[in-house]
Structure formats: structure tokens, C-alpha cells
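Contents: one structure, followed by commentary.
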Amino acid sequence: MLLITCPVTRTDELVADRRVRPVADPRNRPGVVAVVADCPCGGAHVFLTGRRIEQARARLAAADRARRADVAVPA
Ligand SMILES: [Zn+2]
């Protein structure tokens with residue numbers, strides 16, 4: 001089972017293993033895990049994870065924090 005948050009309904013859904021299939025080949029994309037989950041909402045959603053994806057998300061979050069820190073706050 002895989003617990004996902006449906007991007008359409010924003011609800012948490014449990015998806016059976018047989019409804020989840022990999023779409024990234026770890027031999028070609030090391031550090032990236034991508035799966036497609038057939039969601040109870042009727043859609044198929046792609047979820048990315050893995051070391052490289054998490055590192056990229058951390059870089060974006062750090063850049064976002066730095067950008068917010070640069071915004072002037074009215075006194
Ligand atoms: Zn869905």
C-alpha cells in the first residue's frame with residue numbers, strides 16, 4: 001500500500017501496490033524514484049522522490065527562505 005495525497009481532491013488516499021508502477025528507470029536516473037499511482041479519484045498521478053529530488057526540493061526551499069528574508073517588512 002502507498003499513502004498519497006491526491007493533487008485533485010487534496011485528500012489522503014491509500015493505493016494498493018498493484019495500482020502503483022514505476023516510471024523512472026534507476027539505471028538511467030540514479031537517485032530518482034518516480035511512480036504512477038492509479039488514484040481512487042479516477043486519475044493517475046505521478047509522484048517523484050529519491051535522493052536527487054529531495055536535494056532539489058531542499059535547494060528550492062532554501063532559495064525561497066532567502067528570498068522571503070530579503071523582503072522589507074514595514075515598521
Ligand atoms: Zn487523485
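The values are calculated or read from the model by the stated rules, or taken from the named source; none is laboratory data. Since this is a predicted model, take the numbers as computed values, not measurements. Quick reminder, even Gly has a Cβ in these numbers, built from the backbone with ideal geometry, and neighbours come from all protein chains shown.
Assorted remarks:
- Of all residues making up the range 21-47, the number that are within 16 Å of the ligand (Cβ to nearest atom) and of a type in the set (A, V, I, L, M): 5
- Considering residues of the range 1-22 that are in contact (Cβ under 8 Å) with a residue 12 or more places away in the chain and in a helix (DSSP H, G or I) only, the residue farthest from Val46 (Cα to Cα): Asp17
- First in the range 23-39 and more than 12 Å from Thr49 (Cβ to Cβ), second anywhere and part of a loop (DSSP other than H, G, I, E, B) and at pLDDT 90 or above, Cβ under 8 Å, 6 or more apart: Cys39/Cys6; Cys39/Val8
- Residue match in the range 52-69 (condition: in a strand (DSSP E or B), away from the ligand (no atom under 14 Å from the Cβ) and out of contact with any Leu (no Cβ under 8 Å at 6 or more places or on another chain)): no
- The set of residues in the range 4-20 being more than 11 Å from the ligand (Cβ to nearest atom) and exposed (fewer than 12 other Cβ atoms within 10 Å of the Cβ) consists of Leu14, Ala16, Asp17, Arg18.
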